[in-house]
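Only the coordinates and a few stated rules stand behind these numbers; no lab work does. Keep in mind that this is a model prediction, so the values were computed, not measured. Here the Cβ is made from the backbone with ideal geometry for all residues, glycine too, and neighbour counts use every protein chain on show.
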Amino acid sequence: MTSSKKFIYGLGICFGLPWLIMIIIPALKAQKLMPLPYDKDRDGVEGIYPGAGIYRQGQLVYAREGCSQCHTQMIRPSFAGMMDATKKGWSSDQSEIPSEPARSSNMRDYLGEPIAFLGVQRTGPDLANAGYRLKDKAAMHVHLYAPRAVSEWSIMPGFRHLYVTQVIQGNGSPDALDLPKEYAPKKGFEIVPSLEANELVNYISSLKKDAPLPGQVVAEAKK
Amino acid sequence: METTDTTDTDGESLRRVEIDRSVKGPVLFLFANSAMWLLASTVMGLFASVKLFAPNFLDYDCLWFLNYARLQPAHMNALIYGWAMQVGLGVAIWLLARRSGRPLSSGAGMMVTAGVFWNIGVTLGIIGIFGGGSTSLQWLEFPAFVWPVLVMAFLIIAIRMVQHYMSSSASNGFTLTSHYVLAALFCFPWIYITVNLLLNHYALQAPLGAFGAGINAWYVNTLILLFFAPLGLGACYYFIPKITGQPVYSYQLAQLGFWCLIGLAGWTGMQKYMGGPLPAWMPAIGGMVSLLLLVPAGVVALNHHLTTYGKHALIESSPTLRFVFVGSFSFLVMSALGALLGTFWTGASMQFTYAEYGFHLIAIYGFFSMTMFGAVYYIVPRLAGCEWLSARLIRNHFWFSVYGIAALVVCMVIGGMAQGQSVNNPENWNQSMVGSVKNASGYLIGRALAWAFILFSNFWFFIHLVFMVLGLGRRSVSPTLLHHAHADHHAPSSTATV
C-alpha cells in the first residue's frame with residue numbers, strides 16, 4: 001500500500017468513526033423516538049406526551065427572522081450553578097413564586113419538529129415555555145412591534161416590517177395594536193399584524209415544553 | 001544570505017516561477033474576492049455590534065432587513081464562506097502546487113470558473129438571509145438552494161488540486177503541509193454534504209427534533225477543527241520553516257499532533273448544548289474531547305516555538321512570519337477557550353453567551369485569518385510579479401488587526417462571563433434578562449470598537465491587495481520588509497524552495 005493510500009484510509013477511519021457514531025446512527029435512531037402515553041391511574045391524566053405539536057407555519061417565520069440568534073428554547077437542569085429551572089415565568093407554573101422548578105428539557109419535548117431551534121445565544125429570555133408566559137397575544141404583538149415600549153432596557157430589534165399601517169375605516173380593525181403614544185401611527189391610521197406576525201405569535205404561544213413526564217413528575221408532585 | 005536549500009539552483013527557481021505562474025489566475029481571483037467579502041463582513045459585524053448596545057441605530061423602516069437577527073448571521077456567513085474559506089482555497093491551491101513540484105498543466109481556467117460560482121453562491125446566500133430565506137441554522141443560514149453550488153465549486157477546485165498533487169512524484173512520504181491541506185480538502189465536503197442533506201432535506205421528511213440542533217453544533221465545531229485548523233496549521237508548517245530557514249523541529253511530534261487533531265476533532269461540538277435535551281453522552285464526549293484537543297494544540301505550539309527558537313528577530317522584519325506567528329499562538333488560545341467552554345465547571349456560565357462568539361472569532365480571525373494574511377503577504381508578490389507597496393500599510397494592518405481581535409476576544413469572553421453570571425445568579429430569579437443585558441453592554445461597546453479597528457485595518461489591506469492584483473505594486477527585486485535594518489539579516493523571497 002502506498003503511503004498516500006494509507007493516508008486516505010487513515011483519514012477516512014479517523015473521521016468516519018465519529019461521523020458514524022455521533023451523527024449518522026443517532027440521526028437514524030432519532031426516528032424511533034415515539035410519544036409516550038399517560039396512564040390514568042398512575043399519572044392522573046389521559047392522553048399522550050408530548051401532547052400538541054408545534055405550530056410549524058409560525059416556526060418558519062421564527063426561522064426566517066433569525067429569532068434563535070438571541071433566544072434559546074431549552075431549560076437546563078439545576079446543577080453546576082445553572083438557574084434556568086427557578087427563573088420566574090420560565091416554567092408551566094406562572095404564579096408569583098412557583099412551587100416546583102421547571103423540568104429540564106428532553107428529546108421528546110421537540111418531537112415532530114424538523115429541527116429544534118435550541119438557540120445560538122441567550123441574549124433574551126428562554127422561550128421553551130413562552131406559551132405559558134405570554135398569554136396575551138395583543139401584548140405580544142406590541143412587544144414585537146416596539147420592544148422598548150414594553151421594557152426600555154430591551155435591545156431586541158423591532159419587527160415593524162411584519163406589521164401593516166393602514167387607514168382606519170369605520171370603527172377600525174379589532175386587531176389594531178394598542179401602542180403607547182411615541183410609537184403610535186399618525187392620526188387616522190392604525191397598525192395591524194400581517195399574516196406572518198400572526199403566525200409567529202401563534203408559534204410562540206404554542207411553545208409549552210414543560211408537560212409532565214408520564215410516570216415521573218406527576219407522580220412526584222402527588223406525594 | 002541564508003537559504004534553506006544550499007542546492008538551490010537557477011533551474012529550481014525557474015521551476016518555481018513556472019509553478020507560480022500556472023496557478024496565478026485562480027489564486028489571485030480567490031484572494032481579491034475574499035478580501036472584498038472580508039471588508040463586507042467587517043462592516044456588517046460593526047453594524048451588528050452597534051445594534052447590540054444602541055438598538056435604534058439604523059433602525060429605519062426602509063432598512064427593515066438590517067435588523068440584528070439578519071445582520072449577525074449575514075456577517076458570520078460572509079466571514080466564513082466569503083472570506084475565510086475562499087482565501088483558504090486560494091492558499092490550498094498554491095501550497096499543493098508548490099508541494100507537488102510541478103506546474104499545473106491544465107484546469108486553471110476551470111478553477112477560476114468554480115471561483116466565480118463560489119462567489120455567486122455566497123452572494124445569493126447573503127441576499128437570501130437579508131431577504132428572508134434564512135434557515136436559522138448556525139453557520140448554515142444560507143437558503144437551502146445555495147449549498148449544492150458551494151459544494152460543486154469546492155469540489156471542482158479540490159479534486160483538480162488533489163489529482164495534480166497525487167500524480168506528481170514528490171508526494172510520497174509524510175509531508176506535513178500537504179497532509180494538513182489534503183485533510184482539510186477531504187473533510188470539508190464530507191461534513192458539509194452530510195449536515196446539509198440531514199438538516200435541509202432529510203429533516204423535513206423525518207423530523208430530527210433536538211438532535212438537529214446537535215448536528216448543527218457539531219458542524220460548527222468540526223468546520224473549525226477539520227477545515228480551518230488543518231489548513232491554517234498546514235500553512236504554519238510551510239511558512240515557519242521556510243522563513244526561519246530551519247527544518248520543523250520534530251517530525252514525530254508533528255505527526256502525533258496531526259493524527260491527534262484528525263482523530264479527536266470529529267467528536268466535538270455537542271457540548272454547546274450541555275445540560276440540554278441531547279442524550280447526555282453526546283455533550284460529555286464533546287466536552288472531554290475539547291479538553292483532549294489541548295494535546296495537539298500544545299504539540300503544534302511547542303513545535304512551532306522550537307522551530308522559530310533563536311530566530312525571533314525575523315518576526316520583526318518578515319510580514320509573513322509576523323502574521324503566522326500570531327496565528328499559531330492564537331491556535332493555543334482558541335484551544336484553551338474551547339476547553340473552558342466545554343466543561344460544566346466554567347461552561348455553565350459561558351454557555352449561550354458572547355463567549356461563544358469570542359471563541360468563533362479567535363478561531364476564524366485570530367487563528368485562521370491571521371495565518372492566511374501571512375500567506376497572502378508571501379504568495380501575492382510571487383504571483384503578481386511586483387512587491388507590496390508600503391511596509392507602513394502592512395504594519396498598520398498587522399497592529400490594528402492584532403489589537404482589534406485581542407480586544408474583541410477579551411471583551412466577548414469577559415462580557416460573556418458577566419452575562420452568564422447574571423443569568424445564573426439566584427438573586428435574579430424574578431427578573432429574567434435585564435441584568436445580563438446591562439452587564440454585557442459595556443463589553444459590547446468594546447466589541448464595536450474592536451470591529452472598527454479591524455475595519456480600518458482591512459480597508460487598507462483590501463486597497464493594498466487590489467493594487468497588487470492589478471500589477472501596480474513596487475517593481476523591485478527586494479521584498480517589502482517591515483524593518484529595513486534587518487533587511488541584510490534575511491530576505492524571505494530569496495530563500496524560497498519548493
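So here's what we get for this one:
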| item | result |
| --- | --- |
| Leading residue at positive end of dipole, the stretch B:26-480 (Cβ point charges), from B:Pro296, B:Leu199, B:Val220 | B:Pro296 |
| Relative contact order [Cα under 8 Å, 6+ residues apart], the stretch A:4-137, whole percent | 26 percent |
| Karplus-derived HN-Hα couplings along the stretch B:148-160 (A = 6.51, B = -1.76, C = 1.60, θ = phi - 60°), whole Hz, x at Gly and Pro | x, 4, 5, 5, 4, 4, 4, 5, 4, 5, 5, 5, 4 |
| In order through the stretch B:443-456: 3J(HN,Hα) via Karplus (6.51 cos²θ - 1.76 cosθ + 1.60), integer Hz, x for Gly, Pro | 5, 6, 5, x, 4, 5, 4, 4, 5, 5, 4, 5, 4, 4 |
| Fully extended contour minus Cα-Cα distance, from B:Arg21 to B:Leu155, at 0.36 nm per residue | 46.0 nm |
| The stretch B:26-480: relative contact order in percent, alpha carbon pairs under 8 Å with at least 6 residues between | 17 percent |
| Only Lys, Arg (+1) and Asp, Glu (-1) charged, at Cβ; the stretch A:129-223 dipole about Cα centre in debye | 240 debye |
| Computed label-point distance, nm, for sites B:Trp345 and A:Glu46 using a 7 Å Cα→Cβ extension | 5.3 nm |
| Net dipole in debye of the stretch A:65-223 [+1 Lys, Arg Cβ; -1 Asp, Glu Cβ; about Cα centre; nearest 20] | 200 debye |
| Translational D in µm²/s for the protein assembly as shown (Stokes-Einstein at 20 °C, 1.002 mPa s, Kirkwood Rh from C-alpha pairs) | 80 µm²/s |
| Top positive-direction residue, dipole computed over the protein assembly as shown with Cβ charges, set B:Cys386, A:Pro50, A:Met107 | B:Cys386 |
| Inter-chain Cβ neighbour average for residues A:5-15, partner chain, 10 Å | 5 |
| Cut-off under 5 Å, modelled amide H: who pairs with A:Leu213 long-range | A:Val218 |
| Förster radius 60 Å - calculated FRET efficiency between B:Arg392 and A:Phe79, Cβ distance, rounded to 0.05 | 0.65 |
| Distant alpha-carbon pairs in chain A (separation over 28 angstrom), percent | 46 percent |
| Shape of the stretch A:17-69, Cα gyration tensor, a/c cut at 1.5 | oblate |
| Residues A:Lys209, A:Lys6, B:Lys24, sorted so that the one with the fewest Cβ neighbours within 10 Å comes first | A:Lys6, B:Lys24, A:Lys209 |
| Kyte-Doolittle mean at least -1.0 and Cα axial length at least 20 Å: DSSP H helices in chain A | A:3-18 |
| Cross-link pairs beyond the 23 Å C-alpha cut-off, checked among A:Lys40/A:Lys208; A:Lys88/A:Lys209; A:Lys88/B:Lys51; A:Lys209/B:Lys272; A:Lys6/B:Lys272; A:Lys29/B:Lys272 | A:Lys88/B:Lys51; A:Lys6/B:Lys272 |
| Chain B: angle of helix B:24-53 to the longest principal axis, Cα-based, in degrees nearest 10 | 30 degrees |
| Of the chymotrypsin sites (Phe, Trp or Tyr not before Pro) in the stretch A:64-149, those whose Cβ has at most 13 other Cβ within 10 Å and which sit in DSSP loop | A:Phe79 |
| At 1.567 mPa s and 4 °C, Stokes diffusion of the stretch B:26-480 via Kirkwood alpha-carbon radius, µm² per second | 58 µm²/s |
| 222 nm mean residue ellipticity, helices alone, for chain A (DSSP H n ≥ 4; -39,500 (n - 2.57); rounded to 500) | -8000 deg cm²/dmol |
| Fewest-first ranking of A:Asp109, B:Asp20, using other Cβ atoms within 10 Å as the exposure measure | B:Asp20, A:Asp109 |
| Environment charge of B:Leu176, counting only residues whose C-beta is closer than 14 Å and scoring Lys/Arg +1, Asp/Glu -1 | +3 |
| Burial ordering of A:Asp136, A:Asp93, A:Asp39, fewest other beta-carbon atoms within 10 Å first | A:Asp136, A:Asp39, A:Asp93 |
| Of B:Gly416, A:Pro147, B:His483, farthest towards positive along the dipole that unit charges on Lys, Arg, Asp, Glu beta carbons give the protein assembly as shown | B:His483 |
| At most 14 other Cβ within 10 Å, DSSP loop - trypsin sites (Lys or Arg not before Pro), the stretch A:106-166 | A:Lys135 |
| Calculated FRET efficiency for the pair B:Leu472/A:Lys181, C-beta based, R₀ 56 Å, to 0.05 | 0.45 |
| Net charge dipole size for the protein assembly as shown [Lys, Arg +1 and Asp, Glu -1 on Cβ; Debye, nearest 20] | 840 debye |
